[in-house]
Every structure is written in structure tokens, then in C-alpha cells.
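Q: Next up is a structure, given as C-alpha cells.
The values are calculated or read from the model by the stated rules, or taken from the named source; none is laboratory data. Quick caveat: nothing in here was measured; it's all calculated off a predicted structure. As a convention, Cβ positions derive from the backbone with ideal geometry for all residues, glycine included, and neighbour counts pool all protein chains shown. Keep in mind that these areas ignore ligands, DNA and RNA; they rest on the heavy atoms of the full protein, side chains included. Shrake-Rupley method; radii C 1.70, N 1.55, O 1.52, S 1.80 Å.
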Amino acid sequence: MSIDARALRRWLAAGEGGEAALAAAMEFRAGQLAAGLQGGAESEAEGRVLFREDAAMQACGFRVDAAPGRLVIEGRGRRELMDGAAWLRRKAGLLTPRPGLELAGEAAGEVAEGRYDVRPAFAERGIVLGCDGLHEAWRDWLPFASRNGLTSVFFHDTPPSRWEAQEGDGAGRMFALWDREGGEIAAEARRLGLRLEFGGHHLSTLLPREAFAQHPEWFPLREGERQPRHNLCVSDAGARAALQEGARRFFARFPGFAVYHLWADDLRAGGWCACGGCAGMTPSDQALEATNLVAEALERVDPAAQVAHLAYHDTLEAPQRVRPRENVAALWAPRNRCYAHALDDGGCRRNREHLAGLERLAAWFGGPERVRVFEYYSDGILFKWMAPPLLEVIPGDLAAYARLGVGAVLDLAVAPRPWTGPAWHGWWFARCAWDGGGDPAAGLEEFTRGCFGELAGAFAAMYRRLDAACGLLLERGDLEPGPRFDVLDYGDSPRAELRALAGRTREALAEFAAAAQALPVAVRAGLPLEAVDELAPTAAAGMHLAGRVIAWDAALDGRREEAVAHLRMADVHLRALVDWYHAHARPAWETLGEPMLRGARWHTDRVRALCG
């Protein structure tokens, strides 16, 4: 026997046993109200949903007790009950497809009668707000996270900015936001049962660079001399003490977070020390040694909080000598992996190597539950302004992470531009993070029916075409970018790989065009029009990138006319992207948007120079 999901939409929700239960009931009722489906008065309601707090229950997950006309959700605390509210919203077809929007999708599901436990695939599931434009929209993003079953929100400063005001210069935009609104953000996170995380690439800022004049020994030895740039000498006693004092100031300035992120500088390689005391330690060992020092300082002021050890670029591999403190969790950030395939795709060499490295890191930290995965599914920097749907990659990855048993999965949301339409990538990540995988066809149908109604088929076709187009650009083979370049800047060696990429990008151009052609000539205002608006920068950026790669390949082969023709089209698409950006961007996006536009022009001119 089961309860029809359509009936659930009209049931009255209430809380019992504490304020957390009442808050969860209000969250479910907020979905009913937003969808115009408010539960009636108790005397009129067809049924009743009761959220009940029970501190004796175990953490993570909740218990359902369902019978005709009555459904009870019991949980240990606020987060478990909020997860129950998110689960019930999903069952009733109440969607939050983008921050700030709720709607009623198709209620095609049902809730099985009986008493049973419901548990997510991962204990922690989080969204990383990675740029000022997203930080400043926190009032929408925190409810989006909770209502889609996520447990944490990470305020990540990109690029790293000043956190201490100095000599008349104010703090960076994220830190100034926290000074103004941090109390409100923390209160809303508590209401929703969300954990907050904070930081970024700020390890170097804990050790004042101006100290180099008096204490050069605190800083890394590289190429035979001490250098003030980047990180520190982790074997020097003075540097260690100064680092911990900087960490103490940071924690005093920004107290109360569940996880702190004070990472090393954002470099592919070359930021660590080669002195006699450090030479025996790999970059991963040096990074973990620094993280342990920070974690020791944190333990003195907040024993319950954690510090993340970032496994990334030259610290991606597991350490060999240094063991983590108990309050240190590994944060595995596989930026150089392949996003054309799921991580456990046996045919992808790059991903096979990454997965093996993740397993080694988990073993070094004493088990996969101490590993948190930092994924890039919503990273508009990595994807060069694009928002790939990753229809099969996201569920494939999360099924692999669930099998491995990692403790947490996070999705980095960062962009040089606003997202104007439904946030498919964020919604799909949240859904697959709860389930530990997912059915792309079923997920796409649910999302497009809820967002676009009778136009669902056309928009589903658009997403599939867009996924195919982006996938062709994301398949890099053995190409590696130069030392200061990013993943999709590619490279020209091996030469055969660039030639093969140029062939794929020709196909991608056709798929981007087909994505646009899948939609009606005119669509109604609201989500359909917003989704069309969102397609524009992804298509423009993708077609610019494709044209640039084809021109690059042609120029290297001496086919000048062909190279020039494709460069002209690449310029057209870049101008379209620039026009879209200037029509939509606010000042909060300029920190990333303007440098990325300059970078796109620079790479295009680099190819132009090859044409003579």
C-alpha cells in the first residue's frame, strides 16, 4: 500500500517535540504555499504530516511512519528533519530548480506505507559558493541548498582577497560581506540546519609577506634562494609559530564555522620549499604539515571544527610521511580529471589514474569517510563560461564515490557570469548526491516537465544536445595545458591529439547549433525564456572555443586561409559572449568576468599570431 504524492501536496504539516520539528514543517508548508497548494485547516485536511524530533535517533537520515491519512517523519535533529522535508517535497513534486524559485512539478510518485528508515548515500552533501556574485545571493542559495537535500554551504573566496584591512585598504568583498551580514547568514544556516564552511587559498596570508625582510628563513627556498612569494618553509620553527599566530587571528576574526579552508597558493607546481629540512617532503607532505599546524591552532579555540587538507594539483597525490591530525579532513579536488567520462569509466586513462590516486589518499587518511570530494560540476572558470549539463557524468561519478564510501561530496559553483535560468547542474548534483547516482533520462524528464510544462520535450532535447556538444570539448585525450594555463586551454602536444580534438570540435559546433534549433522560435516569459537566455553564453563560449581550436590546428598545419576563417567566427562568438556579459553582469561578477574575457582574447590572439 502507498500514499499518492498528489494527495500529500494538500496535507497539513505540523511539528512536534521541539523548534526544529516546527521549522521542518514550515519548510514543507513553504513549498506548498509557493506552488499554490497550501494545506487546509486541520478539520479540512485530507491528511496530516507530522515532523517529530527524537534526540535518541542516530544522525544522518530519518524515519518514516506512513499510514492512510497520516505520515510521521522522525529525526535526531534539525538537519535530519530538514532532509525529511526535502525528501517529502521531492515525493510531492515540489521543486526548487534554481535559487529563489519554487514550483509544482509533476507529482507522479508515492510514499510507501509502513515504518522504515531513509538514509542518503553521503553523510555530507554541499554546495560551494565560489565567487562574489553568488555570495551576495546567499538569501536564495541557502534555502536552495536545504530544499534540495544538501547539508552544507561553503563560502569560498575566488580569487583570494584580503581578509584583514590594512593601511586604508578594506577587506575583500566576501570578507566585507561577512562583516555586514555574517550574523544573518549564520542565523539562516541554523534555521535550515546547514553547516557553514569558509575560506579559500589563504594559507600564505597567515604568514605576513612583509616579514621576509627580517625573517627570510620563514619563506620557501627555491632555485637556491629564499623567496617571499607562495606558502612557507614548514620546517622552520619561526615560520611554524608565525603561521599558527596568523591562524589564531583568522579564527578569532571568523569564528563558528564547521570546516575551515586555508589552502596553499593556487599553483600547478613550484610553490613549496627545497631547503634541507623540507627537501625530504613531497608537496603533499609539506601542505599537510602546514594544515596540521593550522588545525592545532583551531583545536585550541574550537575542538569541534575541522580544517581541510587540499589535495589539488601538485598536492593531489597522497602524502608519504606526514599523518593528519584528527581534526583534519582530506579535500580531494581533481581539477585535471576528464569530464567527458565518469570517474570510474574504465576506458578513460586520465580518470583511472585519478580514481587510483583517490583510493591511495583515502588509505593514508585512515578510510574514505575522512575524504571529502570537491567536484567542479558548476565551475564556469574550468569550463570557460559554459555550463555543461553532465547528464551521465554526475550520476556516474557519485555512484563511484558512494561505492568507495567517501564521507562528503561538494560541488563548486563559481562563474564569471550570472546563471540566468534553471540551475540544472546544481539541482542534478543535489539529486544524485542524495541517491548516490541517478537515471539521467528520468531526472531530465522530471526537471523539464516541472520547469517548462508543455515545452518539456523541446528543452530536454536542448539539454541533450548541449551535453553532447560540451562533452566533445571536454574530451582532451593526452593533451596537457602549459604551466600557467587551465584545463581547457589545451596544448599542442602530442600533435595528433590536437588534430583529433579539432575534429571533435567541428562536431561540437553542429551540436551547439542543434541545441538552439531544438527550441521553438518563440517561448513564453519566465523559466523558458530564462533558459534560452542561459543557453546563449554556453553556446557562444563553446563555439568560440571550438573555432579557436580548429584555427589553431589549421595554423600549425599551414592551412592559413582555413585558420583565418575560423578565427573570424571565433571572434564573432566572443563578441556575442562579451555583449551578453555586459548586458547581465553586475559589479560583483567583474573580479572574474573581466580577466576571463581578457584571457579569451589573449589565447585567440596567440593563435592569430601563428597565421602570420
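Q: Condition test on F383, is it aromatic (F, W, Y), open to solvent by less than 10 Å² (accessible area, probe 1.4 Å), over 15 Å from L444 (Cβ atoms) and in contact with a strand residue (DSSP E or B) (Cβ under 7 Å, 6 or more places away or on another chain)?
A: Details: aromatic (F, W, Y): yes; open to solvent by less than 10 Å² (accessible area, probe 1.4 Å): yes; over 15 Å from L444 (Cβ atoms): yes; in contact with a strand residue (DSSP E or B) (Cβ under 7 Å, 6 or more places away or on another chain): no.
So F383 does not fit the description; no.
Q: Looking only at segment 180-218, which residues are hydrophobic (A, V, I, L, M, F, W, C) and touching a residue at least 40 places away in the same chain (Cβ under 8 Å)?
A: Residues satisfying the conditions are I185, A186, A189, L192, L194, L196, F198, L203, L206.
Q: Residues R89, R78: which one is closer than 20 Å to A433 by Cα, among the basic types (K, R), open to solvent by 10 Å² or more (accessible area, probe 1.4 Å) and touching a helix residue (DSSP H, G or I) at 6+ places or on another chain (Cβ under 6 Å)?
A: Details: R89 fails: open to solvent by 10 Å² or more (accessible area, probe 1.4 Å).
From the options R89, R78, the qualifying one is R78.
Q: Only one residue in W434, W427 is open to solvent by less than 20 Å² (accessible area, probe 1.4 Å) and either at pLDDT 95 or above or of a type in the set (K, R) (or both), so which one is that?
A: Details: W434 fails: open to solvent by less than 20 Å² (accessible area, probe 1.4 Å).
Going through W434, W427 in turn, just one is open to solvent by less than 20 Å² (accessible area, probe 1.4 Å) and either at pLDDT 95 or above or of a type in the set (K, R) (or both): W427.
Q: Count, please, the residues in segment 213-235 that happen to be surrounded by fewer than 23 Cβ atoms within 10 Å (Cβ to Cβ) and either over 16 Å from G271 (Cα atoms) or in contact with a His (Cβ under 7 Å, 6 or more places away or on another chain) (or both).
A: Qualifying residue count, segment 213-235: 3.
Q: Is at least one residue of segment 13-27 surrounded by 19 or more Cβ atoms within 10 Å (Cβ to Cβ) and under 25 Å from W424 (Cβ atoms)?
A: Yes, that holds for at least one residue.
Q: Something else: When you look at L466, is it part of a helix (DSSP H, G or I) and closer than 27 Å to V578 by Cα, yes or no?
A: yes
Q: Run E44 past the list (1) modelled with pLDDT of 95 or more; (2) open to solvent by 60 Å² or more (accessible area, probe 1.4 Å); (3) outside any strand (DSSP E or B); (4) not hydroxyl-bearing (S, T, Y) and report the number of the one that doesn't hold.
A: It is condition (1) that E44 fails.
Q: Then there is this: Inside segment 343-374, can you point out the residues that are in contact with a strand residue (DSSP E or B) (Cβ under 9 Å, 6 or more places away or on another chain), of a type in the set (K, R) and open to solvent by less than 40 Å² (accessible area, probe 1.4 Å)?
A: The one that is in contact with a strand residue (DSSP E or B) (Cβ under 9 Å, 6 or more places away or on another chain), of a type in the set (K, R) and open to solvent by less than 40 Å² (accessible area, probe 1.4 Å): R372.
Q: Which residue out of L382, L404, L444 is at pLDDT 95 or above and under 16 Å from the mean Cα position of the chain (by Cα)?
A: L382
Q: So C273 clears everything in (1) assigned to a loop (DSSP other than H, G, I, E, B); (2) open to solvent by 20 Å² or more (accessible area, probe 1.4 Å) except one condition, right? Which one?
A: Tallying (1) assigned to a loop (DSSP other than H, G, I, E, B); (2) open to solvent by 20 Å² or more (accessible area, probe 1.4 Å), C273 fails exactly one: (2).
Conditions (1) modelled with pLDDT under 95; (2) over 30 Å from D467 (Cα atoms); (3) buried (at least 21 other Cβ atoms within 10 Å of the Cβ), marked per residue:
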site: F254; (1), (2), (3): no, yes, no
site: A290; (1), (2), (3): no, yes, yes
site: E299; (1), (2), (3): no, yes, no
site: Q306; (1), (2), (3): no, yes, yes
site: R325; (1), (2), (3): no, yes, no
site: R335; (1), (2), (3): no, no, no
site: H341; (1), (2), (3): no, no, yes
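Q: Do we have A539 as in contact (Cβ under 8 Å) with a residue 12 or more places away in the chain and under 30 Å from the mean Cα position of the chain (by Cα) here?
A: Details: in contact (Cβ under 8 Å) with a residue 12 or more places away in the chain: yes; under 30 Å from the mean Cα position of the chain (by Cα): yes.
Answer is yes for this residue.
Q: Moving on. Which of the residues that make up segment 112-151 are of a type in the set (G, A, S) and either touching a residue at least 40 places away in the same chain (Cβ under 8 Å) or open to solvent by 40 Å² or more (accessible area, probe 1.4 Å) (or both)? Talk me through it step by step, then tell me what you get.
A: Kept after step one, since they are of a type in the set (G, A, S), are these residues of segment 112-151: 112, 114, 121, 123, 126, 130, 133, 137, 145-146, 149.
Correct list: A112, G114, A121, A123, G126, G130, G133, A145, S146, G149.
Q: Which of the residues that make up segment 437-447 are open to solvent by 30 Å² or more (accessible area, probe 1.4 Å) and either of a type in the set (G, A, S) or in a loop (DSSP other than H, G, I, E, B) (or both)?
A: G438, D439, A441, A442
Q: Please work out which residue is least open to solvent (accessible area, probe 1.4 Å), limiting yourself to segment 51-73 and to residues that are without any contact (Cβ under 8 Å) to a residue 24 or more places away in the chain and not small (G, A, S).
A: So the residue we want is V72.
Q: Ok, one more. In segment 213-270, what count of residues is obtained for those that are within 32 Å of the chain's Cα centre (by Cα), in a loop (DSSP other than H, G, I, E, B) and of a type outside the set (A, V, I, L, M, F, W, C)?
A: So the answer is 11.
Q: Going residue by residue through segment 57-70, is there one that turns out to be β-branched (V, I, T) and closer than 21 Å to S2 by Cα?
A: Yes, segment 57-70 contains at least one residue that is β-branched (V, I, T) and closer than 21 Å to S2 by Cα.
Q: Output yes when any residue across segment 169-185 is open to solvent by less than 40 Å² (accessible area, probe 1.4 Å), in a strand (DSSP E or B), closer than 19 Å to A305 by Cβ and of a type outside the set (V, I, T), and no when none is.
A: No, segment 169-185 contains no residue that is open to solvent by less than 40 Å² (accessible area, probe 1.4 Å), in a strand (DSSP E or B), closer than 19 Å to A305 by Cβ and of a type outside the set (V, I, T).
Q: Condition check: under 30 Å from E353 (Cα atoms) and either open to solvent by 50 Å² or more (accessible area, probe 1.4 Å) or free of Cβ contacts under 8 Å to residues at least 40 places away in the same chain (or both). Does A279 satisfy that?
A: Working: under 30 Å from E353 (Cα atoms): yes; either open to solvent by 50 Å² or more (accessible area, probe 1.4 Å) or free of Cβ contacts under 8 Å to residues at least 40 places away in the same chain (or both): yes.
So A279 fits the description; yes.
Q: I would also like to ask the following. Using the structure shown, decide if A304 is farther than 26 Å from V128 by Cβ and among the aliphatic types (A, V, I, L, M).
A: Here the answer is no, as A304 does not meet what is asked.
Q: Looking at (1) of a type outside the set (S, T, N, Q); (2) more than 26 Å from E124 (Cβ to Cβ); (3) in contact with a His (Cβ under 6 Å, 6 or more places away or on another chain); (4) open to solvent by 30 Å² or more (accessible area, probe 1.4 Å), find the lone condition where D266 falls short.
A: (2) is the only condition that D266 fails.
Q: From the list A531, A502, A516, A536, exactly one residue is farther than 27 Å from C348 by Cα, assigned to a helix (DSSP H, G or I) and open to solvent by less than 30 Å² (accessible area, probe 1.4 Å). Which is it?
A: A531
Q: Do you know which of the residues in segment 593-612 that are under 24 Å from the mean Cα position of the chain (by Cα) and open to solvent by less than 20 Å² (accessible area, probe 1.4 Å) is nearest to R417 (Cα to Cα)?
A: The extreme case among them is G593.
Q: Give P120, P159, P97, P143 a once-over and let me know the one that is touching a strand residue (DSSP E or B) at 6+ places or on another chain (Cβ under 9 Å) and part of a loop (DSSP other than H, G, I, E, B). Show your work before the answer.
A: Values: P120 fails: touching a strand residue (DSSP E or B) at 6+ places or on another chain (Cβ under 9 Å); P97 fails: part of a loop (DSSP other than H, G, I, E, B); P143 fails: part of a loop (DSSP other than H, G, I, E, B).
Unique residue meeting the criteria: P159.
So that you can scan it fast, the table gives a plain yes or no per residue for (1) at negative phi; (2) modelled with pLDDT of 95 or more; (3) more than 23 Å from the chain's Cα centre (by Cα):
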| residue | (1), (2), (3) |
| --- | --- |
| P99 | yes, yes, no |
| L103 | yes, no, yes |
| R115 | yes, yes, yes |
| R119 | yes, yes, no |
| R125 | yes, yes, no |
| L129 | yes, yes, no |
| H135 | yes, yes, no |
| L142 | yes, yes, no |
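Q: Can you name every residue in segment 471-486 that is among the small types (G, A, S) and more than 21 Å from the chain's Cα centre (by Cα)?
A: G477, G482
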